[in-house]
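Following: one structure in structure tokens, then a few remarks.
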Amino acid sequence: MSHGNASSQGSAWRNNRRRPALPRWVCGLPASWIGLMLAVHLAGCASTGLPSQAELGAGAKAVVLLRVQCTIEGGRPYEPFGFSMVDDNVSFSLGSFETGGEPRQTGMLRFLSPESRRAGWTYLVLPHGMHYLVVSPPRRTDVFTFDAMMKRAPRFRIEVPAHAQLVYAGTLRIAGESDWLLTGGRIMKSIRGDETRIVNEQALARQLAAGYFPGLGDLQTVLMRHHEGPVILRSPLP
Amino acid sequence: MAGNGFHQMRARILIIVLACSALLPQGACIMLPIPTPERKVLQGKPVAPEQLAFLSPGVTTGKQVVAHLGRPDVIWEEARVYGYNWVMRRGILFWAVGGGYSGAAGITEIPNQHVLLIQLDRQDRVRRFESVVRPPLKSYGDFIKEWVKDSGQTRAKS
């Protein structure tokens with residue numbers, strides 16, 4: 001008797017426990033949250049694709065193709081853009097007229113395709129004039145220390161000639177030392193500046209440009225140079 | 001009714017947890033700037049006012065400028081402007097940043113960006129010169145452009 005009572009009480013309790021439907025917006029919150037976090041994370045990632053006409057500013061800017069090839073200890077190849085992040089396996093900083101030639105870390109690195117990224121090709125959209133590139137290991141210090149390092153780092157001068165739309169600035173061959181990562185793999189910690197070479201791979205660049213930028217005219221090859229001496233700035237008078 | 005209360009409570013807890021986790025990536029920071037006299041050179045080679053005594057607008061040539069002051073740090077070709085840059089320490093900044101489960105703190109030097117700008121004319125003679133401090137929030141490009149724009153309106157200084 002008492003057992004039966006207990007059973008009916010339990011059933012009543014289970015009936016009471018039947019969940020009323022939660023408002024839809026509450027159910028959607030976790031999904032929205034995950035989506036938002038994913039979007040925030042991906043915002044730091046590199047983009048693959050071509051620049052828009054608006055970005056090229058009706059001829060005021062040019063697409064500058066360049067390639068980076070890295071090796072680490074023992075001449076082992078090291079993929080420069082393996083993570084497709086702002087601070088990738090190597091980091092780019094760029095100085096221009098606006099910065100008085102002082103390098104500032106570039107935002108998103110951009111690639112034509114995943115294959116070309118793996119091969120070390122990237123591109124920049126730059127106004128005509130002089131630009132100063134610093135290629136460094138990824139930033140692993142506070143921003144002040146990194147800025148100070150950038151000021152002392154060797155620079156490469158990239159010249160974007162007036163009226164050029166498509167420029168190949170050369171292939172940078174760099175060698176450096178690396179550290180093990182806790183998560184596996186290696187990360188570059190320093191670059192041996194005296195072993196850095198600028199190589200002309202114009203034929204490969206032409207092939208790549210023909211496939212991706214057929215409307216931008218002839219590819220001009222203006223190889224970047226090791227920069228020494230005064231920073232040359234070029235900009236029209238105000 | 002009791003079940004409704006229970007689930008409303010769960011919904012509230014869920015919202016609070018989400019709101020708290022949204023705050024996790026946010027950082028808090030403390031910064032304490034302490035001004036110091038400008039004695040320490042952080043970058044470049046300072047140019048003292050007495051070193052500019054040789055400069056005479058319309059007389060001194062670009063070659064003489066380089067002979068006296070050395071190679072400029074920056075040359076704006078179109079405007080024929082030479083820039084000599086140096087950075088002095090004008091203070092110390094104590095900073096501490098915390099966010100999520102980590103934090104960092106340190107001391108950094110507050111820079112004062114000095115620039116000696118010398119503009120030459122078409123005959124390669126000094127047209128105008130001025131030793132100035134670049135505002136920290138103004139880019140080098142904007143600053144130098146404004147200076148050149150003003151050069152038409154300002155008399156040469158000596």
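How many of the residues making up region B:59-89 are open to solvent by 80 Å² or more (accessible area, probe 1.4 Å) and outside any loop (DSSP other than H, G, I, E, B)?
4
Check off (1) closer than 30 Å to residue B:28 by Cα; (2) modelled with pLDDT of 95 or more; (3) open to solvent by less than 50 Å² (accessible area, probe 1.4 Å) for residue B:56 and give me the number that stays unchecked.
Condition not satisfied by residue B:56: (1).
Which is loosely packed, with under 13 Cβ neighbours inside 10 Å, under 30 Å from residue A:159 (Cα atoms) and modelled with pLDDT of 70 or more, of A:31, A:62, A:43, A:58?
On inspection, the qualifying residue turns out to be A:58.
Return the residues of region A:95-122 that are within 14 Å of chain B (Cβ to nearest Cβ), of a type outside the set (Lys, Arg) and open to solvent by 10 Å² or more (accessible area, probe 1.4 Å); say none if nothing qualifies.
A:96, A:97, A:98, A:99, A:102
Output the residues belonging to region B:90-109 that are within 11 Å of chain A (Cβ to nearest Cβ), out of contact with any Lys or Arg (no Cβ under 8 Å at 6 or more places or on another chain) and open to solvent by 30 Å² or more (accessible area, probe 1.4 Å).
In the first step, residues of region B:90-109 are kept if they are within 11 Å of chain A (Cβ to nearest Cβ); the result is B:93, B:95, B:97, B:104-109.
So of that shortlist, the ones also out of contact with any Lys or Arg (no Cβ under 8 Å at 6 or more places or on another chain) come out as B:93, B:95, B:97, B:104-108.
Residues satisfying the conditions are B:95, B:97, B:104, B:105, B:107.
Within region A:224-238, track down each residue that is more than 7 Å from chain B (Cβ to nearest Cβ) and open to solvent by less than 60 Å² (accessible area, probe 1.4 Å).
Of everything in region A:224-238, those that are more than 7 Å from chain B (Cβ to nearest Cβ) and open to solvent by less than 60 Å² (accessible area, probe 1.4 Å) turn out to be A:224, A:227.
Would you say residue B:112 is away from chain A (no Cβ under 13 Å) and not in a loop (DSSP other than H, G, I, E, B)?
Spelling it out, residue B:112 is indeed away from chain A (no Cβ under 13 Å) and not in a loop (DSSP other than H, G, I, E, B).
Would you confirm whether any residue within region A:182-204 is in a loop (DSSP other than H, G, I, E, B), among the hydrophobic types (A, V, I, L, M, F, W, C) and under 18 Å from residue A:124 (Cα atoms)?
no
Those residues that are in contact with a Pro (Cβ under 6 Å, 6 or more places away or on another chain), more than 14 Å from every other protein chain (Cβ to nearest Cβ) and at pLDDT 95 or above, I need them from region B:115-158; list them, please.
B:126 - this is the single residue of region B:115-158 that is in contact with a Pro (Cβ under 6 Å, 6 or more places away or on another chain), more than 14 Å from every other protein chain (Cβ to nearest Cβ) and at pLDDT 95 or above.
Quick grid of which residues meet (1) modelled with pLDDT of 85 or more; (2) within 17 Å of the chain's Cα centre (by Cα); (3) within 13 Å of chain B (Cβ to nearest Cβ); (4) in a loop (DSSP other than H, G, I, E, B):
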{"position": "A:130", "(1), (2), (3), (4)": "yes, no, yes, no"}
{"position": "A:133", "(1), (2), (3), (4)": "yes, yes, no, no"}
{"position": "A:139", "(1), (2), (3), (4)": "no, yes, no, yes"}
{"position": "A:145", "(1), (2), (3), (4)": "no, no, yes, no"}
{"position": "A:149", "(1), (2), (3), (4)": "no, no, yes, no"}
{"position": "A:164", "(1), (2), (3), (4)": "yes, no, no, yes"}
{"position": "A:167", "(1), (2), (3), (4)": "yes, no, no, no"}
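Consider residue A:181 against the criteria (1) open to solvent by less than 60 Å² (accessible area, probe 1.4 Å); (2) touching a helix residue (DSSP H, G or I) at 6+ places or on another chain (Cβ under 8 Å); (3) without any contact (Cβ under 8 Å) to a residue 60 or more places away in the chain: it satisfies all of them except one. Which criterion is unmet?
Among (1) open to solvent by less than 60 Å² (accessible area, probe 1.4 Å); (2) touching a helix residue (DSSP H, G or I) at 6+ places or on another chain (Cβ under 8 Å); (3) without any contact (Cβ under 8 Å) to a residue 60 or more places away in the chain, residue A:181 violates only (2).
Would you say residue A:92 is in a strand (DSSP E or B), open to solvent by less than 30 Å² (accessible area, probe 1.4 Å) and farther than 21 Å from residue A:54 by Cα?
Considered against the rule, which asks whether it is in a strand (DSSP E or B), open to solvent by less than 30 Å² (accessible area, probe 1.4 Å) and farther than 21 Å from residue A:54 by Cα, residue A:92 comes out as yes.
Residue B:122 is checked against (1) part of a strand (DSSP E or B); (2) exposed (fewer than 14 other Cβ atoms within 10 Å of the Cβ) and fails just one. What number does that condition carry?
So residue B:122 meets the others, but not (1).
In region A:194-206, what residues are at pLDDT 95 or above and not basic (Lys, Arg)?
Within region A:194-206, A:198, A:199, A:200, A:201, A:202, A:203, A:204, A:205 qualify.
Do we have any residue at all in region A:10-18 that's at pLDDT below 80 and of a type in the set (Phe, Trp, Tyr)?
yes
The values are calculated or read from the model by the stated rules, or taken from the named source; none is laboratory data. Please read all numbers here as calculations on a predicted model, not as lab measurements. Here Cβ is always computed from backbone atoms with ideal geometry, including for glycine, and neighbour counts include all displayed protein chains. Only protein heavy atoms, including side chains, enter the accessible area calculation; ligands, DNA and RNA are left aside. Shrake-Rupley method; radii C 1.70, N 1.55, O 1.52, S 1.80 Å.
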